[in-house]
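Here the structure comes first, spelled out in structure tokens, and everything after it is commentary.
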Amino acid sequence: MSDEDLRQLVANNAKATGDLRASISDLRDIAAFNERHILRLEAKKVDTWGDILRGNKMNDSDF
């Protein structure tokens with residue numbers, strides 16, 4: 001391999017590493033977003049079951 005080939009290989013590796021780090025960061029952001037929404041849905045489900053048990057009418061928009 002020539003010096004230029006090695007430089008290109010190192011540059012490609014650095015770019016791939018940066019892309020991978022960005023992807024991992026994106027996945028962490030998505031996981032945090034999903035966790036917040038799951039917690040919100042769980043809380044809403046508890047409220048919904050409370051409404052059902054109390055005999056309150058539910059609307060489709062409540063889900």
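Derivation of every value follows stated rules applied to the coordinates shown; laboratory data play no part. All figures in this text were calculated on a predicted structure; none of them were measured in a lab. FYI the Cβ positions are ideal-geometry reconstructions off the backbone, even for glycines, and counts take in every protein chain you see.
Of (i) 4, 14, 11, 11, 8, 8, 8, 6, 7, 5, 5, 4, 4, 3, 2, 1; (ii) 4, 20, 36, 29, 10, 1; (iii) 3, 16, 24, 24, 18, 12, 3, which one was derived for P(r) over Cα pairs in 5 Å bins from 0, in percent from the structure shown? Recomputing P(r) over Cα pairs in 5 Å bins from 0, in percent here picks out (i). Remark: segment 3-55 carries a charge dipole of roughly 420 debye about the Cα centre, counting +1 on each Lys and Arg Cβ and -1 on each Asp and Glu Cβ.
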